[in-house]
1. With the label 7 angstrom out along Cα to Cβ, how close does A:Gly169 come to the same site in each of the other copies, in nm, nearest first?
2. Residue of B with Cβ nearest the axis relating B to A, plus distance in whole Å?
3. Based only on Cα atoms, what Rg/Rh ratio does the protein assembly as shown have, Rh being taken as Kirkwood's radius?
4. What is the average number of partner chain Cβ atoms found within 10 Å of a Cβ in A:202-215?
5. Which pairs in the list B:Lys91/B:Lys134; A:Lys91/B:Lys122; A:Lys86/A:Lys122; A:Lys91/B:Lys96 are over 19 Å apart, alpha-carbon to alpha-carbon?
6. Largest first, what is the accessible-area ranking of A:Thr140, B:Thr208 with a 1.4 Å probe?
7. Nearest 5 percent is fine: what portion of the DSSP beta bridges confined to chain B is antiparallel?
8. Looking at chain A, I'd like the Rg to Rh ratio, where Rg is from alpha-carbon atoms and Rh is Kirkwood's inverse mean 1/r.
Protein chains: 2
Amino acid sequence: MSERFFLAEAPKDGLASLQGDEAQHLTRVLRAHVGDLVTVFDGRGLQWSARVVQIDRKSVSLAVNEPQPMASTTPSRLTLAVALPKGDRQKWMVEKLTELGVGRLIPIATTRGVAEATAGSKARLERGVIEACKQCGRNTLMEIATGHTLAQLLDEMPSGTYGLIAHPGGSPLDRTAMAETTGVIAMVGPEGGFTDDELAAAERAGLTRVSLGPHILRVETAAISLAAHFSISACNPRVV
Amino acid sequence: MSERFFLAEAPKDGLASLQGDEAQHLTRVLRAHVGDLVTVFDGRGLQWSARVVQIDRKSVSLAVNEPQPMASTTPSRLTLAVALPKGDRQKWMVEKLTELGVGRLIPIATTRGVAEATAGSKARLERGVIEACKQCGRNTLMEIATGHTLAQLLDEMPSGTYGLIAHPGGSPLDRTAMAETTGVIAMVGPEGGFTDDELAAAERAGLTRVSLGPHILRVETAAISLAAHFSISACNPRVV
């Protein structure tokens, strides 16, 4: 069975357990049997092959082999701070950012934002991250860090970070800055855009206003666009 | 009214007409009245402001002013040849590729492909292009060129084109080639990947096998990723 399953807790003494959605996926959707071989990952960079040893009503017990050597488990240096779009666009964005290797997604509260990141939505976003990791072979979860306003984020910008704020009329992406700093934080505003006050505050905090092309991009398009550019560049020293 | 409307036929003697979905959008959704001011575009690079002069059951007549000067109407040099995903993923991909300025989308028939581009689906894809152009401020439609197999496309590769085929284990994107050629054709395979025969044929035709990062990207993610990279690079000589 080529499917991958997320372990909420690390294996202990060669045993691990799938719970909730993961157990359901394996037993109800894929109709696994005792003895089947699966792949499991812990979301912190490790992956194992494992054999189903017991199937209960709400959990599955697994015998886990040695961790498999992985090509790379370093999380991306890219943090995206995004005024979340609503509904399917939010769900889709999380799937794509996960596939594209973004290290951390910070939903931000902005003046014109339409969707708030509540405890419920954080859980939903994290479930989306796990689903995408299972599918795309990623072994480190994308972190979802909720509870930030734009002002807080600007106050707490780590030094050595290249900060950029996506907005029409900005300058082009600075690939040297993207390549040479210890981290990149890119901010993407809501459908109605950042307000002038928000833009001014970002620029006072040292962020660069960056344009992503000639068209007005939707929130999720801007976020995915930055992630894609960073992902292709990061795996390619000739590009960044 | 800030909304934009697509003109299927160019204005004549200062008059134009909206039909079908466009007329419906203006009268039923936005409840426009005679005298309202709107923006119209022809999908070939021109844009006008126009005033509603008559509203009929299935059409709207407009008095059109002089064309507005546009920043840039050059279509992107990027053609994406993609084994279409199904349903919402297909719809979403077309929206994003349009926002990101892709010049032409060619749905390709491949051995493991899941969705065929029929006459009906071509019309649906083109409607998606128009919707996205209205929203993102793009004035030249992304062309949808159906009826191609991978073999035909490979036979017809124009000279001076940088051709690439996205596949795990390939080399990094060559930004010099992307910047210096007259056009770029990027091929993205179906969920199950290109077959070995397809990859070999592409390489015989001179295409470069390119990897887009460490994870297994969904079809639409790979396509959008290439479009985003090209879009950000094209508007930024320091990046390409």
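The values are calculated or read from the model by the stated rules, or taken from the named source; none is laboratory data. Being a predicted model, the structure only gives us computed values, none of them experimental. Because the Cβ atoms are built from the backbone with ideal geometry, glycine has one as well, and the counts that use them run over all protein chains shown. Quick note on the areas: whole protein, heavy atoms, side chains included, nothing else; ligands and nucleic acids left out. Shrake-Rupley method; radii C 1.70, N 1.55, O 1.52, S 1.80 Å.
1. From this label point to the equivalent ones elsewhere in the assembly: 5.0 nm.
2. Taking the axis that maps B onto A, the answer comes out as B:Ala228, 2.
3. That ratio is 0.99, to two decimals.
4. 4
5. Correct reply: A:Lys91/B:Lys122.
6. The most accessible residue leads, giving B:Thr208, A:Thr140.
7. Close to 40 percent.
8. 1.03
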